[in-house]
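Undergrad: First the structure, then my questions, so here it is.
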Ligand code: OSB
Ligand code: MG
């Protein structure tokens, strides 16, 4: 298919409630929606880089720059037979995984629509509904946290992830464990500790957590392996894993026992599937992470999480947990068994509502051959 036109939309969407992590507090979520037109078909992709470089070094600004100056000019007028082609074509662009992943997602959507097949089928998914949980931001007090979780459990979520940071970790997690002795519970530090300061997390090892996510800095693979040796709870890496090579190296040095896979963080769905395949071969459990996506990125996450190696619940919650108004006509809702249905329509299986899109667009730019 010949790529004829690509449009970028910088979106800013108000969140239902503030989301606080070790790197900051967000009340709105920025992303870039990418629209690719080829031979009468339109595909959409979501670049998950946020406004600030808190989670990763990429931002909506860096992604806009790399897309507009380099990647889009390289793509316009070219024939792409599959998203995998695109990966090899962009080998010479270093880094900028989220920018790449957003473009690649739009190509998957295009391919699925052209072939009349869902992304789930294209990727080799085996489930039509996936196990999900909710990621709960840092609250004002342990009591507030317990109350917030009570409400999510009442909605049907059966796996809870707590965001933690130094000083807001052990007491909070203990309070939640005391209130809900049976709940599937895990914590995420978003790189807030060093090997030394992580000693404070020792008491977490006695709380039957599913895992401890990304305690140390992104580039601390080696220190994660030293920390894992001190904990019986599995360490799960998020930020540290930016490619299948990193995943292999992390596993070979026992830096983690579980991997959180986010297509945005690793340069796209093809790489996400490659990490899934590697982990599956080695019997390492994986789960699908989230970046507070709109309906577009959520559809992609659901398709990815339908692959057989995704054996732990994903950070994929119902649309209403994130946005009052989303940009897709489809709203994702939670089933009674803490699952969400994987879209079955061609491509991502979602329709972008252009009026809502315009409402949340801060700036837009169109590139044509
Ligand atoms: O570390 O998993 C993370 C959101 C934004 C950036 C990083 C992370 C998160 C989440 C939310 O935990 C997951 C979701 O989309 O529900
Ligand atoms: Mg994380």
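Each reported figure results from applying straightforward, stated rules to the coordinates on display, with no laboratory input. Please read these numbers as outputs of a predicted model, since none were measured by experiment. Counting neighbours? That spans all protein chains shown, and the Cβs are built from the backbone with ideal geometry, glycine included.
Undergrad: Would you call residue 247 within 16 Å of ligand 2 (Cβ to nearest atom) and over 18 Å from the mean Cα position of the chain (by Cα)?
TA: No: the conditions fail for residue 247.
Undergrad: Answer yes or no: is there a residue in the stretch 169-187 that is within 16 Å of ligand 2 (Cβ to nearest atom) and more than 30 Å from residue 273 (Cβ to Cβ). Step through it out loud before you land on a result.
TA: Quick first cut of the stretch 169-187, residues within 16 Å of ligand 2 (Cβ to nearest atom) only: 169, 173, 185-187.
After this cut, where a residue has to be more than 30 Å from residue 273 (Cβ to Cβ) as well, the list is 169, 173.
Checked the stretch 169-187: at least one residue is within 16 Å of ligand 2 (Cβ to nearest atom) and more than 30 Å from residue 273 (Cβ to Cβ).
Undergrad: Quick check: is even one residue across the stretch 192-202 in contact (Cβ under 8 Å) with a residue 24 or more places away in the chain, within 13 Å of ligand 1 (Cβ to nearest atom), within 27 Å of residue 272 (Cα to Cα) and in a loop (DSSP other than H, G, I, E, B)?
TA: Yes, the conditions are met somewhere in the stretch 192-202.
Undergrad: Within 16 Å of ligand 1 (Cβ to nearest atom), free of Cβ contacts under 8 Å to residues at least 60 places away in the same chain, assigned to a helix (DSSP H, G or I) and touching a helix residue (DSSP H, G or I) at 6+ places or on another chain (Cβ under 9 Å): does that describe residue 143?
TA: Numbers: within 16 Å of ligand 1 (Cβ to nearest atom): no; free of Cβ contacts under 8 Å to residues at least 60 places away in the same chain: yes; assigned to a helix (DSSP H, G or I): yes; touching a helix residue (DSSP H, G or I) at 6+ places or on another chain (Cβ under 9 Å): yes.
No; evaluated as a whole, the condition is false for this residue.
Undergrad: Here are some residues: 116, 125, 167. Which one is touching a helix residue (DSSP H, G or I) at 6+ places or on another chain (Cβ under 7 Å) and away from ligand 1 (no atom under 16 Å from the Cβ)?
TA: Values: 116 fails: touching a helix residue (DSSP H, G or I) at 6+ places or on another chain (Cβ under 7 Å); 167 fails: touching a helix residue (DSSP H, G or I) at 6+ places or on another chain (Cβ under 7 Å).
It is 125.
Undergrad: Does residue 185 satisfy being crowded, with 20+ Cβ neighbours inside 10 Å and either more than 13 Å from ligand 1 (Cβ to nearest atom) or within 24 Å of the chain's Cα centre (by Cα) (or both)?
TA: Taking the combined requirement at face value, the residue satisfies it.
Each row is one residue, and each column tells you yes or no for (1) part of a strand (DSSP E or B); (2) under 21 Å from residue 156 (Cα atoms); (3) within 16 Å of ligand 2 (Cβ to nearest atom); (4) within 20 Å of the chain's Cα centre (by Cα).
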site	(1), (2), (3), (4)
298	no, yes, no, yes
301	no, yes, yes, yes
333	no, yes, no, yes
336	no, yes, no, no
345	no, no, no, no
350	no, no, no, yes
363	yes, no, no, no
367	yes, no, no, no
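Undergrad: Given (1) within 19 Å of the chain's Cα centre (by Cα); (2) outside any loop (DSSP other than H, G, I, E, B); (3) within 16 Å of ligand 2 (Cβ to nearest atom), where does residue 138 come up short, assuming only one miss?
TA: Every listed condition holds for residue 138 apart from (2).
Undergrad: Are any of the residues in the stretch 267-285 within 16 Å of ligand 2 (Cβ to nearest atom) and crowded, with 22+ Cβ neighbours inside 10 Å?
TA: Yes; the residues of the stretch 267-285 include at least one that is within 16 Å of ligand 2 (Cβ to nearest atom) and crowded, with 22+ Cβ neighbours inside 10 Å.
Undergrad: Exactly one condition in (1) closer than 23 Å to residue 174 by Cα; (2) in a loop (DSSP other than H, G, I, E, B) is false for residue 228; which is it?
TA: For residue 228, the failing item is (2).
Undergrad: OK, next. Among the residues of the stretch 68-85 satisfying the criterion of being in contact (Cβ under 8 Å) with a residue 60 or more places away in the chain and assigned to a helix (DSSP H, G or I), which is nearest to residue 38 (Cα to Cα)?
TA: We begin by selecting, within the stretch 68-85, every residue in contact (Cβ under 8 Å) with a residue 60 or more places away in the chain; these are 68, 72-73, 75-81, 83-84.
Of the ones still in play, those that are also assigned to a helix (DSSP H, G or I) are 68, 72-73, 75, 83-84.
Details: 68: 18, 72: 13, 73: 15, 75: 11, 83: 14, 84: 17 Å.
The residue in question is 75.
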